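Structure, as C-alpha cells:
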Amino acid sequence: MKLTLRIWRQASPDEPGRMVAYEVPDANPDMSFLELLDVLNERLTLEGDDPVSFDHDCREGICGACGVVINGQAHGPRERTTTCQLHIREFNDGDVIDVEPWRSVAFGVIKDLMVDRSGLDRIIQAGGYISAPTGSAPEAHSTPVPKPIADTAFDNATCIGCGACVAACPNGSSMLFTSAKVAHLNSLPQGAPERAERVLNLVEAMDAEGFGGCTNTGECTVACPKGIPMDSIATLNREYLRASLGRK
Amino acid sequence: MTFYKIGDDIADTTAPDVPIEQRWDKRRFDAKLVNPANRRRHSVIVVGTGLAGGAAGATLAEQGYRVIQFCYQDSPRRAHSIAAQGGINAAKNYRNDGDSVYRLFYDTVKGGDFRARESNVYRLAQTSTQIIDQCVAQGVPFAREYGGLLDTRSFGGVQVARTFYARGQTGQQLLIGAYQALSRQIDAGNVEMHARTEMLDLIVIDGRARGIVARDLITGQVSTYLADAVVLATGGYGNVFYLSTNAKNSNASAIWRAHRRGAYFANPCYTQIHPTCIPRSGDYQGKLTLMSESLRNDGRIWVPKNPGDTRSPDQIPEAERDYYLERIYPGFGNLVPRDIASRAAKNQCDLGRGVGPGGLGVYLDFADAIRRMGEDKVREKYGNLFEMYDRITGEDPYKVPMRIYPAVHYTMGGLWVDYDLQSTIPGCFVVGEANFSDHGANRLGASALMQGLADGYFVLPPMLGNYIASTKLEKVDASHPAVVDTVNEATGRLTRLLSIDGERTVDSFHRELGEIMWEECGMARSEDGLRKALGRLPELREEFWRSVKVPGTGDQLNQSLERANRVSDFLELGELMCVDALHREESCGGHFRVESQTPDGEARRDDDRFAYAGAWEFGGTGTGDQPILHKEPLNFDYVHLAQRNYA
C-alpha cells in the first residue's frame, strides 16, 4: 500500500510547528500504525532527517503511552482502540492521513507528536487512591464485595490514562479520566471512608491543571480506547454534589 | 576454546540456619531497625516504577525514608508490569483444594526445575497471602463470585486454583494499585519522582552503591543523584531478542551498568519463551503480543496430523487433528508448564505441522469451550484477549481458532542477590524481574506479579532498613572523584555514540542481534550454534561502534540516542547469555540444550554437575577478556530433587 502521512513536526515547545508530508510507499495492511511510523523513521534516519518523536511503549494497548490524533480522531478511526493497536488495514491504498499530537491547553507539545500529560498524574496524586499503608490490610475475604459493584469498579479501573478523552473534548476537559477514578474507588467499600474528600480533591486538582469544564458532549467516550462510559461522569457529578452538601 | 574463567564459589550467607518455615521470621527479627524519627535523614534511590519498584517506593516512603524515584516513561503508571494479563498466585486455599504455603513453595521449586534457592522461594510463598490482602485493601478490583468473595482459577504447571485475577488485566490493576500508593507518597512529599529520566550508570563509592547518573530524556541533561542505597527495579532483559513481548523501551541498561560496576549477573541464559503469543506477520514487526496463558484453561491446542495440511481449520475433521499436549501429557494436558508447551509447539512446527504464515503457528481452539459454557461465559472470561487478537490479526477467535506461537517473554536470570535481595555491591538492592532469585530455570504463570509485589511491599523494606541501620555511611557530594568519573564515562559514551555517524540504524543492529539470539540462544541451544553466536557477536558489537548512525544531539529529546545506548548494552549482555548457555551443558527449564535430552525429547538435567546458580563477574569487553563464573551450589533439603514429569 502507498500512503501519504502529513505529520505535525515541532522541534520544541517554544518553536512553531507545521504539517509535513511524507510518502510511505511500502506500507503493509498487517502493520500497526506505530510500525508504520517506525518504517518511516528508519528511512528518515538514513536520509539524515530528524525522525518523528512519539510516545509508545507496550504496544499492546494497555500502558497508555501512545496516542496521536489521526485524521482528526484521537487514536484514529477504529472504536475502542489505542494507536498501537490500530492497523493499516483500516486504511485504503493512496490515503492521505493527518497525524497530530493531542491538542489541549493542559497538554503542552514537547516535540512532534509527544505531549506532556503529567497533569493527569497530579490529579491522581490529589486523592486518586485508598490510604492503605503496606502491611495494614485486613484479610481479603473480610469484606465481601457484591459482584455488580466489583464489576463497575473494574470497568472504571481499566482506564489507561492515555489522555484521548482530553484530546477529543472540545473543552479539553479531563472529566472522563477523573470520573473513572472516582467511580472505581468510590463504588468500593474499601474506598468509602475517603469518598467525599476524594471527589472534592480530584475535581479541584483537575481545575487547577487547566483542564476545561465538562458540557456533556460525549466525544470523550467515543475516543476512549477502554470504553469508559458517560455514566461515570454522572457518577462523579453525583458524588461531587453529595460531598459538597456535606452528607456522609 | 573456552569463553570464561572460573572463580571462587559464592554463597548466600544471610538466610538463617533454622527450619525453612522460620527463616523469614528469624531474619526479620535479627534485622536492625532504623528509628522512625531517623528515617527522614536517610534517602533511597529506586529505579523503576513497576510492581516491584512502585511497591518498594510507596512502602519505603510510608515508613519515612526519603525516596528518589525514576522511570523512563512519562508516568510511573506505564511500567511494563501493566501488560501482565493472567493473574497472581497466592496460597490462600480459598478453594479448599489442598493448597498451602508448602504446596506453592513445592510447585515453584519444581516448576523452576530445581534451579532456585529454596529459602527465597519459601518466603515468596509465605508472603503471597499478604499480597492479596494488601491489594484488596487498595481497591484492586479482582474478579469476584456472586457471593462477593474472590474468584480464582488454575494456571499452567499446577493442579490447584490459586490464581487471583482481574479479567485479563491483572497486571494493570495491580500496577495501578501500586501507582496510586506511590502517588499518595509523591503528594505527601515523601517521594521525589523523576519521570522521563533514565539511569545511565551506578555510582559506587568505597565499594558501596551511593547513587546513579541519570539523563533527563526531554532536555538531555545528565545529572547525579546520591543516596544511602540504590534499589534497581528495572525489569527483565527479554528485549535482547529484539522481538519479545516486552515493552519496546524495556531495557537492561540499569542492571548491565551495575554488572559492569561489580554486581554479579546470575543465570543470564534462563529465558522464558511463552507458548501463547500471536505469530509475527512481517519483517517490519516491532514487537510480539502475548495472549494470556489462562487461555489454556479452556482452549485446546492442536495441529493437523498431516504435515503441510493447508485446509482451513474448520475443514479439518476431528480424526485428522492432533491435540498433542493432551496426547503426550494426559495428566496436565494443555496446562503443562510454559517451557514444555513452547518446545512442544516448536517440535510440531519442525515436523511440518505448523499453521499460518511460514508454518510457524499452532491452533488454540475455543470451539469446545463455547459449546460447553456458551459464548457469553467465554466472553466474560476472555473478552479483552479475544478483542486484542481480533484487532491484531483481523480474525474473530469466536469463529476461527487462534493461531499462536512461542515468543520471548520473561527472563528468570538477573542480578545475583542474597536472601536480603542485596547484590554483590553492598547497598545495591535488586527487586522483581531484575534479580534472579525465585523462579530458577523456569517461572510458573502468575508468579511474576507475586514476586514483584512480594519483593517491593514486604521483603525489601525491612532488609533495606537493616542495611541502613547497620552501615556507617560517609557523606558524599557530586565533587567526589568517583562521581565525577562515572559522570564522565556516561557522557563520554553518549558523545561517542553521536559522533560515529555511520550508515546503519540502531534498529538494524538490534534486529540482527535478536535474530542471532533467537536462532542460537532461543528455544533450543546447541554447542555449535552457541559457538557460532559467540564468534559473530563480538564482530557485531565492533561493527556497531564503528558504523551506527545516531541522528541529532545529546542536549535534546533524542529517542535514537536512547535506543543506541540500550542496544550497546544488549550487545554485551547477549554475549554473556551465550557464554552462560554454552557452559551449562544440561537442559533445565527454559534452557534446553539439544545435547541433553531424554530419548522422548524432554529436558534432561545434570544435577551432579549443574545444581548451582551461575553468577558471573564482569571481565571486560576487550580482546581476551573473559567473564568469571562463581557458582552458588543449590541445596534441596525440602523438595526432593527429581526429574520433572507432567505426563
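The values are calculated or read from the model by the stated rules, or taken from the named source; none is laboratory data. Fair warning: this is a prediction, and the values are worked out from it, not measured in the lab. Here the Cβ is made from the backbone with ideal geometry for all residues, glycine too, and neighbour counts use every protein chain on show. Note: areas computed on protein heavy atoms with side chains; ligands, DNA, RNA excluded. Shrake-Rupley method; radii C 1.70, N 1.55, O 1.52, S 1.80 Å.
Residue B:34 meets the conditions (1) in a loop (DSSP other than H, G, I, E, B); (2) open to solvent by 20 Å² or more (accessible area, probe 1.4 Å); (3) of a type in the set (A, V, I, L, M) in every case but one. The failed one is (2).
Table: residues versus (1) in a loop (DSSP other than H, G, I, E, B); (2) hydroxyl-bearing (Ser, Thr, Tyr); (3) within 14 Å of chain A (Cβ to nearest Cβ).
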site: B:155; (1), (2), (3): yes, no, no
site: B:166; (1), (2), (3): yes, no, yes
site: B:189; (1), (2), (3): yes, no, yes
site: B:209; (1), (2), (3): no, no, no
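With respect to (1) under 30 Å from residue A:41 (Cα atoms); (2) in contact with a Gly (Cβ under 9 Å, 6 or more places away or on another chain); (3) facing another protein chain (nearest Cβ under 8 Å), the lone exception for residue A:129 is condition (1). At least 3 residues being open to solvent by less than 40 Å² (accessible area, probe 1.4 Å), more than 16 Å from residue A:126 (Cβ to Cβ) and in contact with a strand residue (DSSP E or B) (Cβ under 6 Å, 6 or more places away or on another chain) is the threshold, and among the helices (runs of 4 or more DSSP H) wholly inside the range A:137-248 those reaching it are A:164-168. The condition of being open to solvent by less than 20 Å² (accessible area, probe 1.4 Å), farther than 27 Å from residue B:505 by Cα, of a type outside the set (S, T, N, Q) and more than 10 Å from chain B (Cβ to nearest Cβ) holds for only one of A:107, A:33, that being A:107. For the range B:567-582, which positions are open to solvent by less than 10 Å² (accessible area, probe 1.4 Å) and of a type outside the set (A, V, I, L, M)? Across the range B:567-582, the qualifying residues are B:568, B:569, B:570, B:574, B:578, B:580. Evaluate the range B:591-606: report whether one residue or more is over 21 Å from residue B:443 (Cβ atoms), of a type in the set (Gly, Ala, Ser) and touching a residue at least 12 places away in the same chain (Cβ under 8 Å). Yes; the residues of the range B:591-606 include at least one that is over 21 Å from residue B:443 (Cβ atoms), of a type in the set (Gly, Ala, Ser) and touching a residue at least 12 places away in the same chain (Cβ under 8 Å). The condition of being within 14 Å of chain A (Cβ to nearest Cβ), more than 29 Å from residue B:388 (Cα to Cα) and open to solvent by 10 Å² or more (accessible area, probe 1.4 Å) holds for only one of B:73, B:134, B:63, that being B:63. For residue B:104, are the conditions met, namely being within 8 Å of chain A (Cβ to nearest Cβ), in contact (Cβ under 8 Å) with a residue 24 or more places away in the chain and either surrounded by fewer than 22 Cβ atoms within 10 Å (Cβ to Cβ) or under 23 Å from residue B:16 (Cβ atoms) (or both)? Criteria not met by residue B:104.
Close Cβ contacts (under 7 Å, 6 or more residues apart or on different chains) running from residues in the range B:442-465 that are on the phi > 0 side of the Ramachandran plot to residues that are modelled with pLDDT of 95 or more and surrounded by 24 or more Cβ atoms within 10 Å (Cβ to Cβ) comprise B:446/B:88; B:446/B:89; B:446/B:163. When the range B:454-482 is filtered for residues that are part of a loop (DSSP other than H, G, I, E, B) and surrounded by fewer than 15 Cβ atoms within 10 Å (Cβ to Cβ), the ones remaining, listed by number, are B:470, B:471, B:472, B:474, B:475, B:477, B:478, B:479. Checked against (1) free of Cβ contacts under 8 Å to residues at least 60 places away in the same chain; (2) open to solvent by 10 Å² or more (accessible area, probe 1.4 Å); (3) closer than 21 Å to residue B:244 by Cα, residue B:537 passes all but a single condition, namely (2). If the condition is being facing chain B (nearest Cβ under 7 Å), in a loop (DSSP other than H, G, I, E, B) and touching a strand residue (DSSP E or B) at 6+ places or on another chain (Cβ under 6 Å), then the range A:36-69 contributes A:53, A:55. A search for C-beta distances below 6 Å between a residue of the range B:150-163 that is of a type in the set (Phe, Trp, Tyr) and any residue that is not in a loop (DSSP other than H, G, I, E, B), counting only pairs 6+ apart in sequence or on different chains, returns B:155/B:163.
Among the criteria (1) more than 27 Å from the chain's Cα centre (by Cα); (2) not in a strand (DSSP E or B), the one residue B:223 does not fulfil is (2). Just give me the residues in the range A:77-87 being more than 7 Å from every other protein chain (Cβ to nearest Cβ) and either basic (Lys, Arg) or surrounded by 24 or more Cβ atoms within 10 Å (Cβ to Cβ) (or both), in sequence order. Residues satisfying the conditions are A:78, A:80, A:82, A:83, A:84, A:86.
The rows are residues; the columns are (1) touching a His at 6+ places or on another chain (Cβ under 7 Å); (2) open to solvent by 30 Å² or more (accessible area, probe 1.4 Å); (3) closer than 24 Å to residue B:174 by Cβ; (4) part of a loop (DSSP other than H, G, I, E, B).
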{"site": "B:383", "(1), (2), (3), (4)": "no, no, yes, no"}
{"site": "B:388", "(1), (2), (3), (4)": "no, no, yes, no"}
{"site": "B:397", "(1), (2), (3), (4)": "no, no, no, yes"}
{"site": "B:404", "(1), (2), (3), (4)": "no, no, no, no"}
{"site": "B:426", "(1), (2), (3), (4)": "no, yes, no, yes"}
{"site": "B:433", "(1), (2), (3), (4)": "no, yes, yes, no"}
{"site": "B:446", "(1), (2), (3), (4)": "no, no, yes, yes"}
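Look at the range A:1-30: where a residue is more than 20 Å from residue A:106 (Cα to Cα) and a partner is open to solvent by 30 Å² or more (accessible area, probe 1.4 Å) and of a type in the set (Gly, Ala, Ser), sitting 6+ places away or on another chain with Cβ atoms under 7 Å, you get A:2/A:94; A:4/A:21; A:6/A:21; A:30/B:281.
Consider only pairs whose beta carbons are under 9 Å apart and that are at least six residues apart or on different chains; among these, list those whose first residue lies in the range A:85-98 and is in contact (Cβ under 8 Å) with a residue 60 or more places away in the chain and whose second residue is loosely packed, with under 12 Cβ neighbours inside 10 Å. Pairs found: A:93/A:2; A:94/A:2; A:95/A:2; A:96/A:21; A:98/A:72.
Of the numbered criteria (1) more than 30 Å from residue B:324 (Cβ to Cβ); (2) surrounded by 15 or more Cβ atoms within 10 Å (Cβ to Cβ); (3) away from chain A (no Cβ under 14 Å), the one residue B:610 fails is (1).
Results for (1) at pLDDT below 95; (2) buried (at least 21 other Cβ atoms within 10 Å of the Cβ); (3) basic (Lys, Arg), shown as yes or no for each residue.
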site	(1), (2), (3)
B:178	no, yes, no
B:184	no, yes, yes
B:187	no, no, no
B:201	no, yes, no
B:207	no, no, no
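Scanning the range B:88-101 for residues that are within 14 Å of chain A (Cβ to nearest Cβ) and not in a strand (DSSP E or B) yields B:90, B:91, B:92, B:93, B:94, B:95, B:96. Tally up the residues in the range B:620-647 that are crowded, with 18+ Cβ neighbours inside 10 Å and part of a loop (DSSP other than H, G, I, E, B), please. So the count comes out to 5. Here A:55, A:50 are screened, and the one residue that is closer than 25 Å to residue B:238 by Cα, modelled with pLDDT of 95 or more and open to solvent by 20 Å² or more (accessible area, probe 1.4 Å) is A:55.
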